[in-house]
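Comments concern the structure below.
Bear in mind that the values in this text are calculations on the coordinates, not laboratory data. Bear in mind that the values here come from a model prediction, so they are computed numbers and not experimental data. Neighbour counts run over all protein chains shown; Cβ positions are idealised from the backbone, glycine included.
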Amino acid sequence: MLTLADIGFDAAGALLSGQGLALVQVPDGQPIPGSYWGEVEAGLIGCTVYARADTPVHSLLHEACHLIVMPPERRAAVHTDATDSVPEEDAACYLQILLADQLPGVGRDRLMADMDAWGYSFRLGSARAWFEGDAEDARAFLATRGLVAGA
């Protein structure tokens, strides 16, 4: 599982900043504020994503993408649980795969492999199969919000 220790915080922080989000590095061994899954998983409170060096990159991207896909008026009130709907969840999954290509040393192939290893569940059996063959709804959701080119 690729972690922030493997890629560093700078590129991830710049990517999130470009989306109007902040990334806060939590000291090793400390609890991650706003973490839905606990342990090493990224957390979110408002427009801030929290992560440690041992946080998986897929977790950081997934939580950040929840904030990116939701309406701005909801962001400020988010604490820990960002999911509003299945379409929003799917859109976050799709967008995290796209954004992985913007992180040096990550890319969509590695991210999808890590998503599968972590246990993301897609009806076609893998993140890649879903992304390539069953994610039209997610792409359309993102397009309606101007986050990807229209389908």
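For the chain, the 222 nm mean residue ellipticity estimated from helices alone, with every DSSP H stretch of n ≥ 4 adding -39500 (n - 2.57) and the total spread over all residues, rounds to -13500 deg cm²/dmol. Sparsely packed loop sites in region 1-97 (the GluC sites (Glu not before Pro) outside DSSP H, G, I, E and B with at most 10 other Cβ atoms within 10 Å) do not occur.
Per residue, the average separation of C-alpha pairs within less than 8 Å and at least 6 apart gives region 74-146 a relative contact order of 34 percent. The amide H of TYR50, built 1.01 Å from its N in the peptide plane, has VAL24, GLY43, LEU44, ILE45 as neighbours under 5 Å, considering only residues 5 or more places off or on other chains. The mean sequence separation of alpha-carbon pairs under 8 Å and at least six residues apart, normalised by the residue count of region 4-144, gives a relative contact order of 19 percent.
When Rg and Dmax of the Cα atoms in Å is computed from the coordinates, the matching label among (1) 14.2, 43; (2) 31.9, 110; (3) 16.7, 50 is (1). Taken about its Cα centre, region 4-144 carries a charge dipole of about 220 debye when Lys and Arg each add +1 at the Cβ and Asp and Glu each add -1 at the Cβ.
Reducing region 58-104 and region 111-135 to their Cα centroids gives an inter-centroid distance of 16 Å.
Of CYS65, CYS93, CYS47, the sequence from fewest to most neighbouring Cβ atoms within 10 angstrom is CYS47, CYS93, CYS65.
Among LEU60, LEU4, LEU98, the order by Cβ neighbours within 10 angstrom, fewest to most, reads LEU98, LEU4, LEU60. Put in line by how crowded their Cβ is, counting other Cβ atoms within 10 Å and starting with the fewest, TRP37, TRP130 read TRP37, TRP130.
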